[in-house]
Amino acid sequence: MTLGIGRAAGKVILFGEHAVVYGRPALAVPVTQVWAEARVEAAAPGSGVVIWAADLGEEIALRHAAADQPLAAAVRLALAAIGAQGQGSGKAEVGTGRLSALDFRPTPEPDWRITIRSTIPIASGMGSGAAVTAAIVRAIAALSVAPTPNPQSPIPPVTDATPPPLAPAVLSDLVYEVERLYHGTPSGVDNTVIAYGQPVYFVRGRRPEPFTIGRPFTIVIGDTGIRSSTRIAVEEVRRRWTQEPARFEALFDRIAQIVEAARAALAAGRPEQLGPLMDENHAVLQEIGVSCPELDALVGAARAAGAAGAKLSGAGRGGNMIALVAGEAAADVAAALAAAGATRVIVTTISPAVGPDFVQRAI
Ligand code: PMV
């Protein structure tokens, strides 16, 4: 019997990756063509929580999983946050940026089989890890009727059959904590855009702002097929920044200007102005050292096929690139990317904010 289902869309960073780690702004949007889903089902008494990562063919028993196993951590944090009874620190200090529930052990442990499926490519800059965590937390929150509500729980006690939607800020904090297990010290942009499910203007440490999209626009996303570790890319940039701080600060400032120009163009309903800004952002990312021949090849192919601009998206050194297209050009650019070696191509139209409930319902 299915007890709860949670879903979360993927995302792309339009502008600002890497500089966002150094306090500059970034613009990111959900991509609803790809998503993660977690389904909680009742299991045999005494079985405890078993997580089945269907795409990876991996089964994890919660009671034997290490504190830093990301899928188990997502389940523990969700259980602590909904106020389940248990041992360990078991409290989610949401809003302080510090959660201390990774060692939480629910007692009694519920008997659940949690099946996770995702169509989001792994380690490709589309927020796969954050979306899986968000889906798990949403699925558990969707079935939560805490028998004895925890007074420290950030989620109000459930009083009727319909659980209240999980506040995006609460979800975002929980997802961030698991992101730290994947990425070390992430800026927070991934968990924010995925939890809010709408375009966000993000500055580390500040409340995220939805940004206005005056007119919808279309981007083509091309995957190099190369898996790339965000943690390693971020560490490499930090090493170079340490060696040449002034030069890298200037590059990050340039990216910040591009982000502000892009935000203004979008608000004014002039998305066509994003093309040259994407080209410029890609050039700065090349200087920072996070592009690679395969990304440059896809970016070049998209431009040659009529894209108004193109850039890598996410941590770089593999993963995805994005290209801005107008009208008819989408099909040509998509075909050119496939011919140039993209392992997967997604065409998506970015519209004004739709909100997390839409994302949860629409997928
Ligand atoms: O997770 P990705 O590949 O979308 O990259 C995250 C973006 C970075 O700015 C490189 C890192 C971060 O924490 O913001």
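The set of residues in segment 1-13 that are of a type in the set (S, T, N, Q) and either buried (at least 23 other Cβ atoms within 10 Å of the Cβ) or within 9 Å of the ligand (Cβ to nearest atom) (or both) is empty.
Listed by first and then second residue, the pairs with beta-carbon distance under 7 Å, at least 6 apart or on different chains, first residue in segment 177-191 and part of a helix (DSSP H, G or I), second among the aromatic types (F, W, Y) and near the ligand (Cβ under 7 Å from one of its atoms), form an empty list. Of everything in segment 308-349, what is away from the ligand (no atom under 16 Å from the Cβ), closer than 15 Å to C292 by Cα and surrounded by 23 or more Cβ atoms within 10 Å (Cβ to Cβ)? Give them in sequence order. Result: A310, A342. Here F252 passes the criteria (1) within 29 Å of S351 (Cα to Cα); (2) within 12 Å of the ligand (Cβ to nearest atom); (3) open to solvent by 30 Å² or more (accessible area, probe 1.4 Å) except the one numbered (3). You will find that of P108, P147, the residue that is at pLDDT 75 or above, open to solvent by 20 Å² or more (accessible area, probe 1.4 Å) and assigned to a loop (DSSP other than H, G, I, E, B) is P108 and no other.
The set of residues in segment 188-220 that are more than 10 Å from the ligand (Cβ to nearest atom) and on the phi > 0 side of the Ramachandran plot comprises G197, G205. Which of (1) buried (at least 23 other Cβ atoms within 10 Å of the Cβ); (2) within 11 Å of the ligand (Cβ to nearest atom) does G184 not meet, given it meets every other one? Against the list (1) buried (at least 23 other Cβ atoms within 10 Å of the Cβ); (2) within 11 Å of the ligand (Cβ to nearest atom), G184 comes up short only on (1). Checked against the criterion of being crowded, with 17+ Cβ neighbours inside 10 Å, more than 16 Å from the ligand (Cβ to nearest atom), among the aliphatic types (A, V, I, L, M) and part of a strand (DSSP E or B), segment 14-34 contains not a single residue that satisfies it.
Taken together, V175, V137 contain a single residue that is within 15 Å of the ligand (Cβ to nearest atom), closer than 13 Å to L71 by Cβ and either among the β-branched types (V, I, T) or at pLDDT below 80 (or both), which is V175.
Inclusion of A72 among residues that are of a type in the set (A, V, I, L, M) and under 17 Å from R113 (Cβ atoms) is warranted.
Note on segment 238-252: residues that are touching a Lys or Arg at 6+ places or on another chain (Cβ under 8 Å) and not in a helix (DSSP H, G or I) amount to 0. No other residue among P276, P293 is free of Cβ contacts under 8 Å to residues at least 24 places away in the same chain, surrounded by fewer than 23 Cβ atoms within 10 Å (Cβ to Cβ) and either touching a Phe, Trp or Tyr at 6+ places or on another chain (Cβ under 6 Å) or not small (G, A, S) (or both) apart from P293.
Only one of the listed residues (G57, G97, G46, G83) is modelled with pLDDT under 90 and surrounded by fewer than 24 Cβ atoms within 10 Å (Cβ to Cβ). That residue is G97. For beta carbons closer than 8 Å, sequence separation of 6+ or different chains, a first residue in segment 239-262 that is small (G, A, S) and modelled with pLDDT of 95 or more and a second that is open to solvent by 20 Å² or more (accessible area, probe 1.4 Å) and part of a helix (DSSP H, G or I), the qualifying pairs are A261/Q273; A261/L277; A262/Q273; A262/L277.
The values are calculated or read from the model by the stated rules, or taken from the named source; none is laboratory data. What you see is a predicted model; the values in this text were computed from it and never measured. All Cβ positions, glycine included, derive from the backbone under ideal geometry; neighbour counts span all protein chains shown. SASA here: full protein model, heavy atoms, side chains in, ligands and nucleic acids out. Shrake-Rupley method; radii C 1.70, N 1.55, O 1.52, S 1.80 Å.
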